[in-house]
Amino acid sequence: MKVASNGLAIHVEEQGEGDLSLVFLHYWGGSSRTWKHVTAGLAPDFHTIAIDHRGWGESDAPASGYALADLAADAEGVVKALDLKRYILVGHSMGGKVAQLMASRQPAGLAGLILVAPSPPQPMSIPAEAREMMAGAYATRDTVEATIDNVLTAKPLTAEDREQVIADSLRGASPAKIAWPRATSLEDITEQVGAIGVPTMVIAGELDRIDSPELLRAEMISRVPQAVMHVLPGTGHLSMLESADALVPLIEGFCASLRER
């Protein structure tokens, strides 16, 4: 369904019911359906809302406005429009950095934060030429397939999931494709994340070539006050597609711990 938020029509996939909602934010190149195995695994016991960021999936794709603050405002608008009283933010990669900014503002109703292979709060440190390669990573089917095999995954995806990743990556609007490598990933929110005041679980893939466990220990666990970390063995950057069977119980356990509070 489409939700009016921050002046745009934002597409969301909603499932399940419950007094504790989980709001899922996807990676640069993905969509709400990136989370389909996880949300299916959590249903029907949990109320899940998976969002298409602007420029991705079925959401509106404006010509500009792809900063972290813009993406956060879109998600905050969805939370408000759906009148979520108590919720957990679940952010992956780029969506994880958006979730960090949102959580740092200590919004009403936020009960917890789950960061799956999150982009750390500091600017992404890679050479300019590598950024330009990133900007073209989703230009053609061949470049997407090379990115899947050489960057995003450590386990082979099913044929269906692989085609989904390719389609989502190619479908992204041009401004959204170039904004993350050229601008948004360079934003620095290291000062803000110290204000995150809710229980936080960071989930890393053991073989993640983008946001490694070592990087996340150094840059996330050291900065976010209540953060704890779990590492998924043999998993790359796309744990929700590579290792959903391990990710779902981690999320369920985290939710159970919040209900006990």
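Assuming R0 = 30 Å, can you tell me the calculated FRET efficiency for the pair residue 230 and residue 183, based on Cβ-Cβ distance, to the nearest 0.05? Write out the running numbers ahead of the final one.
Working: r = 31 Å, r/R0 = 1.03.
The formula returns an efficiency of 0.45 here.
State which helices in the chain qualify, where a helix is a whole DSSP H run, it must extend 15 Å or more along its own axis by its Cα atoms, and its mean Kyte-Doolittle hydropathy must be at least 0.5. Could you put the intermediate results ahead of the total?
On the way: long enough: 68-81 (20 Å, 0.73); 94-104 (16 Å, 0.58); 159-171 (18 Å, -0.86); 244-259 (22 Å, 1.03).
The answer, listed by residue number, is 68-81, 94-104, 244-259.
Can you give the percent of C-alpha pairs in the chain whose distance is more than 28 Å?
25 percent
Within region 186-224, report the trypsin sites (Lys or Arg not before Pro) that DSSP leaves as loop and that have at most 16 other Cβ atoms within 10 Å.
For trypsin sites (Lys or Arg not before Pro) across region 186-224 that sit outside H, G, I, E and B with at most 16 neighbouring Cβ atoms in 10 Å, the list reads 209.
Under 8 Å for C-alpha pairs, at least 6 residues apart: give me the relative contact order for region 2-259, rounded to a whole percent.
RCO, region 2-259: 21 percent.
What is the fewest-to-most order of 25, 238 by other Cβ atoms lying within 10 Å of their Cβ?
Going from sparsest to densest Cβ surroundings: 238, 25.
Can you tell me the FRET efficiency between residue 190 and residue 142 if r is taken as the Cβ-Cβ distance and R0 is 25 Å, rounded to the nearest 0.05?
0.10
Put one equal scatterer on each alpha carbon of region 139-261, apply the Debye formula with no solvent term, and list log10 I(q)/I(0) at q = 0.21 1/Å to two decimals.
Summing over Cα pairs of region 139-261 leads to -1.28.
Could you tell me the center-to-center distance, by alpha carbons, between region 174-200 and region 110-137 in angstrom?
One Cα centre to the other: 8 Å.
Give me 131, 105 ranked fewest to most by other Cβ atoms within 10 Å of their Cβ, as a rough exposure proxy. Intermediate values should be presented prior to the final figure.
Working: 131 17, 105 12.
The fewest-first ordering by Cβ neighbours comes to 105, 131.
For residue 166, what is the net charge nearby, where nearby means another residue's Cβ is under 12 Å from its Cβ and Lys, Arg count +1, Asp, Glu -1?
Values: positive: 141, 162, 171; negative: 142, 145, 149, 160, 161, 163, 168.
With Lys, Arg at +1 and Asp, Glu at -1, the neighbours total -4.
Charges only on Cβ, +1 for Lys and Arg, -1 for Asp and Glu: so what's the dipole of region 63-130 about the Cα centre, in debye to the nearest 20?
300 debye
With 10 angstrom as the radius, rank 229, 134 by how many other C-beta atoms surround their C-beta, starting from the fewest.
Listing 229, 134 from fewest to most nearby Cβ atoms yields 229, 134.
What do you get for Rg/Rh of region 93-158 when both radii come from the Cα atoms and Rh is the Kirkwood radius?
1.08
Sort region 1-125 into rounded, prolate or oblate with this rule: let a ≥ b ≥ c be the square roots of the eigenvalues of the Cα gyration tensor; rounded if a/c is under 1.5, and if a/c is not under 1.5, prolate when a/b is larger than b/c, oblate otherwise.
Working: a/c = 1.35, a/b = 1.21, b/c = 1.11.
Cα axes put region 1-125 in the rounded bin.
To the nearest Å, what is the center-to-center distance of region 243-257 and region 2-25, using C-alpha atoms only?
Here the answer is 20 Å between Cα centres.
Before rounding to the nearest 500, sum -39500 (n - 2.57) across all DSSP H runs of length at least 4 in the chain and divide by the residue total; then give [θ] at 222 nm in deg cm²/dmol. Working shown, then result.
On the way: 11 runs with 97 residues, N = 261.
Rounded to the nearest 500, the figure is -10500 deg cm²/dmol.
Toward the positive end of the charge dipole of region 2-259, about the Cα centre and with charges on Cβ (Lys, Arg +1; Asp, Glu -1), which of 140, 236, 7 goes farthest?
7
If amide hydrogens are placed 1.01 Å from N in the peptide plane, which non-local residues have theirs closer than 5 Å to the one on residue 22?
47, 48, 49, 88
Just so you know, all these numbers are worked out from the coordinates, no wet-lab data involved. As the structure is a prediction and not an experimental result, all values here were calculated from the model. Ideal geometry is used to build each Cβ from the backbone, glycine not excepted, and the neighbour counts take in all protein chains shown.
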